[in-house]
Amino acid sequence: MRRALFGSVCCTLFCLLFYIIYNLFSHGVHSPFMTFLFAWPLVLCVLPCALFVALPEYPGPSLLCALVWNTGAALVTISSLLRGVFDIAGNSSVHQVVMMAVGFGMLFAGVMLYIAGVILLNKSI
């Protein structure tokens, strides 16, 4: 879990750095999807990993649960990045909306897999 936390922090810092560099070339046009790009990996990856590290008595997620959750977090982050780029360029795409919806669906599936794993293992939360 500590390695996942380190990777999540690096991803969050990369998104923040990406926004800062991209903002320099945006000609004064801003998008909240780009401005707060770093918030997706921070909230969806860093905080849950930090909670599992800080509270070791709670059962950690299974490999399948972690893969589904991390894929959903990546989809939501990339969708936000694309939306920010499209907003700044004055364009739009339906693919970004679909990607965001699939990402949130995978996040929901990750939560359901975690809950099912805890119930099946008879571990109390």
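No lab work stands behind these numbers, since they all come straight from the coordinates. These numbers were taken from a predicted model, which means no experiment stands behind them. For neighbour counting, all protein chains shown are included, and Cβ atoms are generated from backbone atoms with ideal geometry for every residue, glycine included.
Just a few scattered comments:
- Whole-Å semi-axes of the ellipsoid equivalent to the range 12-83 (Cα gyration tensor, √5λ, descending): 29, 13, 7
- Sorted peptide list for 42-55, 90-103, criterion being average Cβ within 10 angstrom, highest first: 42-55, 90-103
- The chain, helix-only ellipticity at 222 nm - DSSP H runs n ≥ 4, -39,500 (n - 2.57), divided by all residues, nearest 500: -24000 deg cm²/dmol
- Relative contact order of the chain, defined on C-alpha pairs under 8 angstrom at six or more residues apart (%): 29
- Shown for the chain is the translational diffusion coefficient from the Stokes-Einstein equation, using the Kirkwood radius over Cα pairs, a temperature of 25 °C and a viscosity of 0.890 mPa s: 158 µm²/s.
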